[in-house]
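Take a look at the structure set out below.
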Amino acid sequence: TDATFLSGFYYRHRAETVSHTIYFRKAWLNISGGDTVIAQGSTSAAPAFIYHNGKFTVAYLDASGNIVTAYQNGSSWTTFGSAITNALGALQFASGNDGTTLYLSYIDADNVGHVLKSLNGTSSWVALGGTFGSSVSDLRMQVNPASGYPTVLYLSGSTAYFRDWDGSAWGTQRTLASSLLSADFAFDGSGNRTFAAVGTGYALTTYYYKSG
């Protein structure tokens, strides 16, 4: 075999040599500085989580079935307010228009809805008026951008109702629709409400209610 021919063939057909550098980074890092358990619970109820007033804030059910709320202070979690007893779940946060007031809604173990308020997201929880609903299976809350106050939507049996907080009391209970399995809602910038609901036949329907 001609060595000169083989050498020429090699240089004409050899593959280009490519060098790559591969970097590995840890994708998730616990914000408290380590992969640690914040608390031990005894239920699958989802926690509520929000970034409020410059802090991450969480609400969760502890092993005794109480709602505990805590904010992240840069190195650890600090609890605030007294534990909320007789809780079932459906925890949800919402920030007030002032950026400091924090609202928390939940369903208790008697299937009744509640909304609480903390003035700066680190102070004690105060009940926002009375309770609402009976046999409540789902509860949603949003703050109306026009009024700055929360509205709640709750499913009792297969009927959805909503009520608006007016600054001193919960307004009239209004019926959204019946024969529903689930529902949610949102506000536009003018405070008008649009609801989306799934009926017992699994049809998705939207409903529009003007502000007021």
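Taking the conditions (1) at pLDDT below 95; (2) of a type outside the set (Val, Ile, Thr); (3) within 17 Å of Ala94 (Cβ to Cβ) in turn, Gly157 satisfies each one other than (3).
Among the residues making up the stretch 78-88, those that are surrounded by fewer than 21 Cβ atoms within 10 Å (Cβ to Cβ) and not β-branched (Val, Ile, Thr) are Phe80, Gly81, Ser82, Ala83, Asn86, Leu88.
Of all the residues in the stretch 180-212, those that are on the phi > 0 side of the Ramachandran plot and either exposed (fewer than 11 other Cβ atoms within 10 Å of the Cβ) or modelled with pLDDT of 95 or more (or both) number 2. Does Gly133 meet the test of being within 30 Å of Thr200 (Cα to Cα) and either surrounded by 17 or more Cβ atoms within 10 Å (Cβ to Cβ) or at pLDDT below 95 (or both)? The answer is yes for Gly133. For the stretch 86-124, a tally of residues being aliphatic (A, V, I, L, M) and on the phi > 0 side of the Ramachandran plot returns 1. Selection of the stretch 94-115 for residues being touching a strand residue (DSSP E or B) at 6+ places or on another chain (Cβ under 7 Å) and open to solvent by 20 Å² or more (accessible area, probe 1.4 Å) yields Ser95, Asn97, Ala109, Asn111, Val112, His114. Just to be sure, is Thr172 assigned to a loop (DSSP other than H, G, I, E, B), open to solvent by less than 60 Å² (accessible area, probe 1.4 Å) and in contact with a strand residue (DSSP E or B) (Cβ under 8 Å, 6 or more places away or on another chain)? No; evaluated as a whole, the condition is false for this residue.
The values are calculated or read from the model by the stated rules, or taken from the named source; none is laboratory data. These figures come from a predicted structure and were not determined experimentally. Note: ideal-geometry Cβ built from the backbone for every residue, glycine included; neighbour counts use all protein chains shown. The protein model used for the area step is the full one, side chains on, heavy atoms only, and it has no ligands, DNA or RNA in it. Shrake-Rupley method; radii C 1.70, N 1.55, O 1.52, S 1.80 Å.
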